[in-house]
Every structure is written in C-alpha cells, then in structure tokens.
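The values are calculated or read from the model by the stated rules, or taken from the named source; none is laboratory data. Just so it is clear, the model here is predicted, and its values are computed rather than measured. All Cβ positions, glycine included, derive from the backbone under ideal geometry; neighbour counts span all protein chains shown. The protein model used for the area step is the full one, side chains on, heavy atoms only, and it has no ligands, DNA or RNA in it. Shrake-Rupley method; radii C 1.70, N 1.55, O 1.52, S 1.80 Å.
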Amino acid sequence: MAAVGAIAAAGALVLGSCGSGGSTEAAAANGPQAAGGAAQNYAAVIKGLDNPFFQTMKQGIDDQAKTSGATVTVQSANSITDTTGQADKLNGLAGQDFSCYIVNPISGTNLIQGLAKLSMMNKPVVNIDSPVDPTAAKSANVKLATYVGTDNREAGKMAGQRMTEVLPSGGEVAAIGGIAGDVTSGARIEGFHQGVGKNVKVVQTVAADWDRQTALTAATNVLRAHPNLAGFFVANDDMGLGVARAVAVADAGKTGKIKVISVDGIKDALQAVKAGTLEATVAQYPYTIGQMGVEACQAATSGKTLPASVAAPVELVTKSTADKALASTPKPFGPYEDPYKALTQ
C-alpha cells in the first residue's frame, strides 16, 4: 500500500542485482535450489494477520513458495499497529541464515535496525506493499533489492473519478483515512482529491485507524455534522464496510444514495459492491503482491537484475464487474504485468 513518491524513492535505494547472501551449509545441502544454485530458503515479515488484507498476502506468499519449490518462513506482527513486535520478529530472523528476506513494514522506519543488519551481511531484501522510508534507509545504509506495491495515489484517483461519475451534479463528500500521518492513507486521500471533479467538495477528513468499528463511529459523527453529505471515500475496505453500516443505521433510506467508495478489494467488500451497499472498491491484490515478493527473491538469489520498483495491479470494481471480480479473487480478473515472473523462467 505505497505512494507513488515513495515507490520512486524506494527505487533509488535499490541494488541493481543481488547475490544469494551466503546461505549456511545446511541450507545449501537440504534447501530447495534456485536456477543459479542458491538455496530457496526465504523469510518474510508482514503486518498483522488480524486484517484480511494481510491474510491474503500470506496466502500469496505460501502458494508461490509451493509453486516454486521454495521454503518461506512467514512471521507477522500481532496487530496492524504492533511496530515494536514486528521489528523484534525481523531481528530474530536476521540472526538466521535465510537466503532472501521479504518485508512489509508497519511504518517506514520500524524495521530499519533489522534491515541494516541484513544489508551488512549482503542479504537481498524485497520490500513489498508499504515502503521503507528512503531517508532513514539511506542513513542506515539499508539496501533493497526491489520494491513491489500498489500505486496508492493512483488508487485514490480512480476512486475520485468514480465518485465524480456517480455524483454528476456534484455534492459534499467526506474522506475516512487510516492512522493519522500514515503514508499509504495520505497518498490515497491525496489521489482522491486529484480525481474528483470541481463540483465534488471534500468537507471533512478524519482518521479511523484502519478499523471497521472506529470508522462506523467516525462516519456516524460525520453524518450528523453534514446532513447533506452525498458520499464517503474510505482508505480501506474494512473501514468502508463500517462506513456503509453507519449509513444504513443513520437512515435505511440512504443506503445506495450516499455513495461509499473504498480501497482494497477484499471478498466482503466485493460482495457489498454486488449487493449495492458499497458503490465501488478499488481492488488491489495482496495475493499478487505476496506472490511477486517470492518471485523477486527467486530472481535475486539467482543473481538476476531486478527492476527498481514494480506497480502491483489495481482494478476498479463496480456492480457491473463484481461477479467477475468475485470469481477471480484473490487474483486480478484482468491482465497485468509481472516482470519478476520472466526473471524466474
């Protein structure tokens, strides 16, 4: 879930190509082998599995590991806000001899210490979804093999354009973000502002900590403050479902009239789009991001030159495409580019 600027900045830190990082004799003897002979014995540290987005990301990692014959040890934070716990997980794994590391940091800086340790050992690191802060990384001499994640500003822009389409006469809308100051949330909301037409006015922006119940409460308060509200843009689907519930509770007759558009494309949201309680979701694909992360490790440990950054696929899902999206989930329903795949052939 990363901003365009962060993608570019992360790319500036990337190594053009990476070696295997020196696996142990046991891994070399017993672990699966990449095309260049390096052990396919990877570690991944992701955000909390209390969120369905990251559950799906883990599924993508696990499935690609099975497909490629790799061994991937996946550890997650206890929650989406557990920055210290996540850092401890990486520090522990950094003391073991994995040939490549996949990281999905909670914040731009919470994994810097462990990443600096890995860079000193010349271990390839694949940064997925949320970017490592480029300034902090540079100061700590952190080197990244590649970055793959969603263009969050573009995702927000797609939502803004859709909001303009469904409110042809304009109107007042509110934005519900994640954690205050979060780069991902900020990029999506910024993109939404860029995407809406001049007759759509964003009258209030509030943070709801990426949490469904918190978003329900926040949306209820926004509806009271703005009785003429015509829509909500919500920075993730879990919160979006809370907002949709707030709209229904506030006035059952407003469901479908107050347009709620969110980002992520989780299955519950796709079903809500089909049912009409959500107007749309901008689907990103954590499954594919996880899958690409493993592919990138495969390429890195084979000595291939990796792209600095890769934008993961995003698709606007409306009622007309909800069935197609549901049939394909957790994978995209349309074509997309995957440069890592070609590098593993």
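Each residue in the stretch 190-213 was checked for being in a helix (DSSP H, G or I) and open to solvent by less than 50 Å² (accessible area, probe 1.4 Å), and 3 of them qualify. Of Met163, Met158, all but one fail to be part of a helix (DSSP H, G or I), open to solvent by less than 20 Å² (accessible area, probe 1.4 Å) and either out of contact with any Phe, Trp or Tyr (no Cβ under 8 Å at 6 or more places or on another chain) or not charged (D, E, K, R) (or both); the exception is Met163. Restricting attention to the stretch 260-284 and to residues that are more than 19 Å from Glu190 (Cα to Cα) and in contact (Cβ under 8 Å) with a residue 60 or more places away in the chain, the residue that is surrounded by the fewest Cβ atoms within 10 Å (Cβ to Cβ) turns out to be Lys267. Sort out for me the strands (runs of 3 or more DSSP E) sitting completely within the stretch 215-325 that have 3 or more residues that are at positive phi, at pLDDT 95 or above and not polar (S, T, N, Q). It comes to none. Give me the pairs, please: first residue somewhere in the stretch 169-184 and touching a residue at least 60 places away in the same chain (Cβ under 8 Å), second residue anywhere and open to solvent by 10 Å² or more (accessible area, probe 1.4 Å) and among the aromatic types (Phe, Trp, Tyr), beta-carbon distance under 7 Å, and either six or more positions apart or on two chains. Short answer, once both residue conditions are applied: Gly178/Trp210; Ile179/Trp210. Annotation note: Cβ proximity below 7 Å between a residue of the stretch 43-70 that is within 17 Å of Gly85 (Cβ to Cβ) and a residue that is open to solvent by 20 Å² or more (accessible area, probe 1.4 Å) and in a helix (DSSP H, G or I) (sequence gap 6+ or interchain) occurs for Val45/Lys89; Ile46/Lys58; Leu49/Gln55; Leu49/Lys58; Asn51/Asp238.
For Gly92, the criteria (1) among the small types (Gly, Ala, Ser); (2) assigned to a helix (DSSP H, G or I); (3) buried (at least 18 other Cβ atoms within 10 Å of the Cβ) hold in every case but one, which is (3). Cβ-Cβ distances below 9 Å connect the following pairs, each with a first residue in the stretch 310-335 that is farther than 22 Å from Phe192 by Cα, a second residue that is open to solvent by 50 Å² or more (accessible area, probe 1.4 Å) and aliphatic (A, V, I, L, M), and a separation of six or more residues or different chains: Phe333/Ala327.
Take Lys198 and tell me if it is of a type in the set (Lys, Arg), at pLDDT 95 or above and over 14 Å from the mean Cα position of the chain (by Cα). So Lys198 fails the test.
For every residue, the table says whether it meets (1) touching a strand residue (DSSP E or B) at 6+ places or on another chain (Cβ under 9 Å); (2) open to solvent by 40 Å² or more (accessible area, probe 1.4 Å); (3) outside any helix (DSSP H, G or I); (4) at pLDDT 95 or above.
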site	(1), (2), (3), (4)
Leu49	yes, yes, yes, no
Ala65	yes, no, no, yes
Ser79	no, no, yes, no
Gln86	yes, no, no, yes
Tyr101	yes, no, yes, yes
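How about the stretch 109-129: which of its residues are outside any helix (DSSP H, G or I) and buried (at least 24 other Cβ atoms within 10 Å of the Cβ)? Those that are outside any helix (DSSP H, G or I) and buried (at least 24 other Cβ atoms within 10 Å of the Cβ): Leu111, Lys123, Pro124, Val125, Val126, Asn127, Ile128, Asp129.
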